[in-house]
1. Which residue is farthest from residue 92 (Cα to Cα), if the candidates are limited to region 32-47 and must be in contact with a strand residue (DSSP E or B) (Cβ under 7 Å, 6 or more places away or on another chain) and free of Cβ contacts under 8 Å to residues at least 60 places away in the same chain?
2. Identify, please: which residue in region 118-144 is touching a strand residue (DSSP E or B) at 6+ places or on another chain (Cβ under 8 Å), part of a loop (DSSP other than H, G, I, E, B) and farther than 15 Å from residue 40 by Cβ and is, among those, modelled with the highest pLDDT?
3. Among the numbered conditions (1) surrounded by fewer than 20 Cβ atoms within 10 Å (Cβ to Cβ); (2) within 14 Å of the chain's Cα centre (by Cα); (3) farther than 16 Å from residue 125 by Cα, tell me where residue 80 comes up short.
4. So which residues in region 94-112 are touching a helix residue (DSSP H, G or I) at 6+ places or on another chain (Cβ under 9 Å) and exposed (fewer than 15 other Cβ atoms within 10 Å of the Cβ)?
5. Among the residues of region 50-65, how many are surrounded by 13 or more Cβ atoms within 10 Å (Cβ to Cβ) and either out of contact with any helix residue (DSSP H, G or I) (no Cβ under 8 Å at 6 or more places or on another chain) or at pLDDT below 80 (or both)?
6. Farther than 16 Å from residue 108 by Cβ, touching a residue at least 12 places away in the same chain (Cβ under 8 Å) and touching a strand residue (DSSP E or B) at 6+ places or on another chain (Cβ under 9 Å): does that describe residue 18?
7. Considering only region 102-117, state which residues are on the phi < 0 side of the Ramachandran plot and either over 12 Å from the mean Cα position of the chain (by Cα) or assigned to a loop (DSSP other than H, G, I, E, B) (or both).
């Protein structure tokens, strides 16, 4: 029998359809998430929520879209990736996180390899954002076995 590590639980803040199209925001049905899905959403929140947007964690968060828009056309993807990784590592459920960011032709792609603190197998999460400067549209590729 395989057991899932206990990372806690939370209400989902990313609604994702069967095609990977995503909308950030509190799930209107207040669906609870656990396991790797929870870790994925924590990582996304920490990269796509402005610092100070967590009531209980006023020094956490990173607004990757604001950084992209502020820096256009000279986007330093390595610095943005490091800020994203650092923001994720602030959560005790992660032993490490490594983000790789690319930005070309208005498409932002963030690939994050997550290393859970419990020593379980690392896994990758990919988030793409089109129309970064105007009305962002998100697409998320969760790792295998994580329900959308």
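1. First pass over region 32-47, keeping only residues in contact with a strand residue (DSSP E or B) (Cβ under 7 Å, 6 or more places away or on another chain): 32-33, 36, 38-41, 43-44, 46-47.
With free of Cβ contacts under 8 Å to residues at least 60 places away in the same chain added as a condition, the list becomes 32-33, 38, 41, 46.
Numbers: 32: 20, 33: 18, 38: 13, 41: 15, 46: 13 Å.
That would be 32.
2. The extreme case among them is 119.
3. Of everything listed in (1) surrounded by fewer than 20 Cβ atoms within 10 Å (Cβ to Cβ); (2) within 14 Å of the chain's Cα centre (by Cα); (3) farther than 16 Å from residue 125 by Cα, residue 80 misses just condition (1).
4. The answer is 95, 96, 102.
5. Keep residues of region 50-65 that are surrounded by 13 or more Cβ atoms within 10 Å (Cβ to Cβ), which gives 51, 53-54, 57, 60-65.
Still in the running and either out of contact with any helix residue (DSSP H, G or I) (no Cβ under 8 Å at 6 or more places or on another chain) or at pLDDT below 80 (or both): 51, 53-54, 57.
The qualifying residues number 4.
6. Details: farther than 16 Å from residue 108 by Cβ: yes; touching a residue at least 12 places away in the same chain (Cβ under 8 Å): yes; touching a strand residue (DSSP E or B) at 6+ places or on another chain (Cβ under 9 Å): no.
Considered against the rule, which asks whether it is farther than 16 Å from residue 108 by Cβ, touching a residue at least 12 places away in the same chain (Cβ under 8 Å) and touching a strand residue (DSSP E or B) at 6+ places or on another chain (Cβ under 9 Å), residue 18 comes out as no.
7. Initially, region 102-117 is screened for residues on the phi < 0 side of the Ramachandran plot, giving 102-104, 107-117.
Of everything in region 102-117, those that are on the phi < 0 side of the Ramachandran plot and either over 12 Å from the mean Cα position of the chain (by Cα) or assigned to a loop (DSSP other than H, G, I, E, B) (or both) turn out to be 102, 103, 104, 107, 108, 115, 116, 117.
The values are calculated or read from the model by the stated rules, or taken from the named source; none is laboratory data. Note that the structure is a prediction, hence the values are computed from the model and not measured. As a convention, Cβ positions derive from the backbone with ideal geometry for all residues, glycine included, and neighbour counts pool all protein chains shown.
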